[in-house]
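Colleague: Below you will find the structure I want to go over with you.
None of the figures in this text is laboratory data; all of them are computed from the coordinates on show. Note that the coordinates shown come from a computational prediction; the quantities given were computed from them, not determined experimentally. A quick note on method: Cβ atoms are made from the backbone with ideal geometry, for glycine too, and the neighbour counts reach across all protein chains shown.
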Amino acid sequence: MRGIRDGKVRVGTLYRLEKPTPLAYHILAKYSDASELMAPERVLLSNIDKMKRAIEARTATLLCMSCGEWIAEKRIRSLPEQPTCEKCESKLLALLYPTQDARRVKEILSKRREDKELTEEELKDLSHARRTADLVLSYGKKAITALEVKGVGPETAFRILGKMHPKEDEFYMDLLKAKIQYLRTREYWENKETRPKSF
């Protein structure tokens, strides 16, 4: 400080419009819930490994859409590349939202099989379960990994999985980019969902 005061040390200012400076990034990231939005490329690359470890540590709730009986909570790390129902050996396994009640979805599936009428909300839950099951049937554990990323739903997961990445890092980078895109547009989607419908 004395050197600055005496004019021996000159202070320069760096303006950057696209990304924070390396020093500013670490300060902002500490207080931001979406630090990926500001991260320089080299930080994004290091975030891939962090993302992979976080996903593998999570627990996935699976429901067999074939027999409609088997429900299990499995640590993603322990899943085989192609998970199967432990009751009927089907690979048509739905990945449920953390907020979904597995027993309720199972009951909805039973109602559908008995040709009972479903509410709009029940149809929505069943449709989502079926779409995730189709992805798990086609892509196995990789589909579960994709669907565990914030902001990645069945449509985005299908687009990313369809690239058949030769390298695992490329797969995770696409997932990270999808997450960043979601964080950038989250306000729009949240407003769209809460906005009253016009007829």
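Colleague: Between Glu120 and Met1, what FRET efficiency comes out of the Förster formula 1/(1 + (r/R0)^6) with R0 = 45 Å and r the beta carbon distance, rounded to 0.05?
Modeller: 0.10
Colleague: If you don't mind, another one. Relative to the Cα centre, what is the charge dipole magnitude of region 72-182, using +1 at the beta carbon of each Lys and Arg, -1 at the beta carbon of each Asp and Glu, and rounding to the nearest 20 debye?
Modeller: Result for region 72-182 is approximately 220 debye, rounded to the nearest 20.
Colleague: Give the peptides 90-99, 68-77, 107-116 in descending order of average Cβ contacts within 10 Å, highest first.
Modeller: Descending packing order for the listed peptides: 90-99, 68-77, 107-116.
Colleague: My understanding is that a pair violates if its Cα-Cα distance is over 27 Å; which of Lys124/Lys179; Lys74/Lys150; Lys50/Lys74; Lys50/Lys167; Lys50/Lys124; Lys141/Lys163 do that in this structure?
Modeller: Listed pairs above 27 Å: Lys50/Lys124.
Colleague: Here's something else I'd like to know. Would you kindly state how much longer the chain becomes between Lys52 and Ala72 on full extension, computed as 0.36 nm times their sequence separation minus their alpha carbon distance, in nm to one decimal?
Modeller: Length gained between Lys52 and Ala72: 5.0 nm.
Colleague: Starting from the Cα-Cα distance between Asp101 and Glu168, subtract it from 0.36 nm times their residue separation and give me the gain in nm to one decimal.
Modeller: In short, 20.9 nm is gained.
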